[in-house]
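Asker: Structure in structure tokens, see below.
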């Protein structure tokens, strides 16, 4: 069985979905089960709402191939209730995909709570970073005799990323005891936290390994790659205690729901640092890649033995996907014009 990922991957620093799919593609190529040419693939993996018209066109063209949907979000929880991307995702899930891969149990539960269509095949598989970069090799040894080094990361400036928490930390943290770096894009100008620009994965991994504790204040996450990268580098995490964060952190850190909890939780992590490090048992990209392959192969076998027939996709179905796509695009343009008027 050959797999093709229908996604335009970028090499520059960008969101977690791109980073994970790049790592997954590398694993599939190394395993000699990846098809660069979509025509030679048996199974096509697509992601959320992205490049959905290309996905719909491929579904029309390759009627007998298996289509598998990797789900983010729901984005209405992350962004706002009128985010039409979830409508695109839901329509594609119902009309195109034979199977759904959720990145966390929280994401699965929340998507279904908001009306997502159930498919014949579904599973939950978390993400994993590039373990040639994000590993404990070269990680600084923790010492309570020096300042504890904190680090936070965000590519997005969405308010849900927790900038109110970082502002509070900048104003209230004891910087005689701690020092903190923020890497990425921020809506807050810090006085005590040192801000650095977005970095490629290699540079980010080096910065993580120079740090002691990862601070993750993002409130809504299906399965954060930034959080996973820090954990794979051996950093105990202090994360906001909602969405998939507690599920990912597990016993390798602590979670907070109020900023006033942060100082005490940081002291707790510092005191039991080695215990938190020992509790890091996340799967590697090889293990995650194998889970993807095994799940897709299970569907492939059922199709081959005629125990499952891939979804039919009519012209009307194509037009429905197109309508939801352009409704989202049109809505974004309208919102953009409203924002410009508001600024003026």
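Asker: Defining a contact as two alpha carbons under 8 Å apart and six or more residues distant in sequence, what relative contact order in percent does the chain show?
Answerer: Values: 574 pairs, mean separation 66.6, N = 344.
That works out to 19 percent.
Asker: Using a ≥ b ≥ c from the Cα gyration tensor of the range 148-278 (square roots of the eigenvalues), is it rounded, prolate or oblate, where a/c under 1.5 gives rounded and otherwise the larger of a/b and b/c decides, a/b for prolate? Present the calculation step by step, with values, prior to reporting the outcome.
Answerer: On the way: a/c = 1.17, a/b = 1.10, b/c = 1.06.
Rounded, since a/c falls under 1.5.
Asker: Rounded to the nearest 0.05, what FRET efficiency is calculated for residue 113 and residue 202 with R0 set to 41 Å and r the Cβ-Cβ distance?
Answerer: Values: r = 39 Å, r/R0 = 0.95.
For R0 = 41 Å, the calculated efficiency reads 0.60.
Asker: What whole number of Å gives the distance from the Cα centroid of the range 63-115 to the Cα centroid of the range 198-225?
Answerer: Cα centroid to Cα centroid, the span is 25 Å.
Asker: In addition: Which FRET efficiency value, to the nearest 0.05, is calculated for residue 260 and residue 210 with the Förster distance at 30 angstrom and r the Cβ-Cβ distance? Present the calculation step by step, with values, prior to reporting the outcome.
Answerer: Numbers: r = 28 Å, r/R0 = 0.94.
For R0 = 30 Å, the calculated efficiency reads 0.60.
Asker: Can you tell me the 0 to 90 degree angle between the C-alpha axis of helix 163-172 and the longest principal axis of the chain, rounded to 10?
Answerer: Its long axis makes an angle of about 10 degrees.
Asker: Separate question: Only residues of the range 50-67 count here: report those whose backbone N is under 16 Å from the spot 7 Å along Cα→Cβ of residue 309, or say none.
Answerer: 63-66
Asker: How far apart, in nm, are two points set 7 Å out from the Cα along the Cα-to-Cβ line at residue 187 and at residue 40?
Answerer: That separation, rounded to one decimal, is 4.7 nm.
Asker: Want the number for residue 30 to residue 242: 0.36 nm per residue separation, take away the alpha-carbon distance, what's left?
Answerer: Details: separation 212, 0.36 × 212 = 76.32 nm, distance 3.58 nm.
Once the chain is fully extended between residue 30 and residue 242, it gains 72.7 nm.
Asker: Which shape class, rounded, prolate or oblate, goes with the range 68-117 when its Cα gyration tensor gives a ≥ b ≥ c as root eigenvalues, a/c under 1.5 marks rounded, and past that a/b bigger than b/c marks prolate? Walk me through the intermediate numbers first.
Answerer: Details: a/c = 1.94, a/b = 1.24, b/c = 1.56.
Oblate is the answer for the range 68-117, as a/c is 1.5 or above yet b/c matches or exceeds a/b.
Asker: Taking the Cα-to-Cβ direction at residue 172 and at residue 158 and moving 7 Å from each Cα, how far apart do the two end points lie in nm?
Answerer: 2.5 nm
Asker: Let me ask you something else. Report the FRET efficiency, 1/(1 + (r/R0)^6), for residue 267 and residue 105, where r is their Cβ-Cβ distance and R0 is 41 Å, rounded to 0.05.
Answerer: Working: r = 30 Å, r/R0 = 0.74.
So, using R0 = 41 Å, E works out to roughly 0.85.
Asker: Using alpha-carbon pairs under 8 Å, 6+ residues apart, how would you state the relative contact order of the range 148-278 in percent?
Answerer: Numbers: 220 pairs, mean separation 29.8, N = 131.
Taking the mean separation of contacting Cα pairs over the length of the range 148-278, I get 23 percent.
Asker: Please compute the modelled spin-label separation between residue 64 and residue 140, points set 7 Å along Cα→Cβ, answer in nm with one decimal.
Answerer: 5.9 nm
Asker: Rounded if a/c is under 1.5, else prolate if a/b is larger than b/c, else oblate: which is the range 17-168, with a ≥ b ≥ c the root eigenvalues of its Cα gyration tensor?
Answerer: Working: a/c = 2.60, a/b = 1.44, b/c = 1.80.
It is oblate, given that a/c is not under 1.5 and a/b is not larger than b/c.
Just so you know, all these numbers are worked out from the coordinates, no wet-lab data involved. Here the structure is a predicted model, which means the values were calculated and not measured. Neighbour counts are summed over all protein chains in view; Cβ atoms, including those assigned to glycine, are modelled from backbone coordinates with ideal geometry.
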